[in-house]
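Data first, discussion second: the structure below is written as structure tokens.
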Amino acid sequence: MSTHLVAMGGGGFSSSEGYAATSLDRYILSLTDATNPLVCFVPTASADDGIYVSRFINAYSPLGVRTCVLTLWSGAADAIARMEEVDVFVVGGGNTLNMLALWNAHGVSRRFRDLAADSSHDLVLAGVSAGGAIWHEGCTTDSFGSGVAALNHGLGVVPGSFCPHYDSEPERAPQFKEFIDTTQLPSGWGVDDGAALHYVDGKFADCVTEKEGASVYRVEQDENGATIAEQDTRLL
């Protein structure tokens, strides 16, 4: 039994034309062996935005899956109680800091850590932007409202740090390098929109992309300054 984790820098249905499912969304679903998987959307970072939820349901329902939504602004207890039934979690983008605060308050962070560590069943954890960053030890975020900052309180399901929107937001790449240079963040990954990291049982396995030119960069701490190495990515 395996836990797969797909962390997207951007992309997927939330930014596609017509908000349709993309090759990254279909890749996420390909990782589960369930014949009729239950796919749970987690829109905490967008304050459980109803439009975002509708876009998820419209994108995923035609893909032969069952869908549900983990809401914390209302009905939290029932939604959390159902987490163990889920085959695939898809965590949306938005405010990373607020999402983390709510997950900690409701015990969702602990639940996700426990589920990821449970080897008795297959599970797919996935997310875009904030939803990709949250699984790491740390990340870059604009959640504080004062530019790009370092956040060191991720779930730590996978090691290192994560920088979404590496190519599309000009501040991200240089700030990420500085944070690693100054040890504000551990070594990690800069991920372009449309690209993603794939981990299996907490270990890095692959870099995939849904569009030409999107890439992933490994940014490592070094005594002479952080080093940046572009990774080979596989086009889906």
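Here are the numbers:
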| item | result |
| --- | --- |
| Residue list for the stretch 152-187, restricted to those being of a type in the set (G, A, S) and either out of contact with any strand residue (DSSP E or B) (no Cβ under 7 Å at 6 or more places or on another chain) or not in a strand (DSSP E or B) (or both) | G154, G156, G160, S168, A173, S187 |
| Yes/no for V216 being on the phi < 0 side of the Ramachandran plot and touching an Asp or Glu at 6+ places or on another chain (Cβ under 8 Å) | yes |
| Which numbered condition G75 fails, given (1) under 19 Å from V128 (Cα atoms); (2) modelled with pLDDT under 95 | (1) |
| Residue tally, condition touching a Gly at 6+ places or on another chain (Cβ under 9 Å), surrounded by fewer than 23 Cβ atoms within 10 Å (Cβ to Cβ) and not in a helix (DSSP H, G or I), over the stretch 108-137 | 1 |
| Candidate set from the stretch 50-79 (those that are under 19 Å from D114 (Cβ atoms) and of a type in the set (A, V, I, L, M)); member that is farthest from the chain's Cα centre (by Cα) | A77 |
| Any chance S15 is of a type in the set (S, T, N, Q), modelled with pLDDT under 95 and either touching a Phe, Trp or Tyr at 6+ places or on another chain (Cβ under 6 Å) or surrounded by 15 or more Cβ atoms within 10 Å (Cβ to Cβ) (or both) | yes |
| Cβ pairs under 8 Å, 6+ apart, first in the stretch 11-31 and under 20 Å from A133 (Cβ atoms) and hydroxyl-bearing (S, T, Y), second part of a loop (DSSP other than H, G, I, E, B) and at pLDDT below 95 | T22/S16 |
| Positions within the stretch 4-17 being part of a loop (DSSP other than H, G, I, E, B) and in contact with a His (Cβ under 8 Å, 6 or more places away or on another chain), in sequence order | G9, G10 |
| Tally, over the stretch 80-124, of residues that are farther than 22 Å from H4 by Cα, small (G, A, S) and more than 16 Å from the chain's Cα centre (by Cα) | 2 |
| Residues of the stretch 18-63 satisfying the condition of being exposed (fewer than 14 other Cβ atoms within 10 Å of the Cβ), at pLDDT 95 or above and assigned to a loop (DSSP other than H, G, I, E, B) | A20 |
| The one condition in (1) outside any strand (DSSP E or B); (2) within 19 Å of E137 (Cβ to Cβ) that A196 fails to fulfil | (1) |
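The values are calculated or read from the model by the stated rules, or taken from the named source; none is laboratory data. All figures in this text were calculated on a predicted structure; none of them were measured in a lab. Counting neighbours? That spans all protein chains shown, and the Cβs are built from the backbone with ideal geometry, glycine included.
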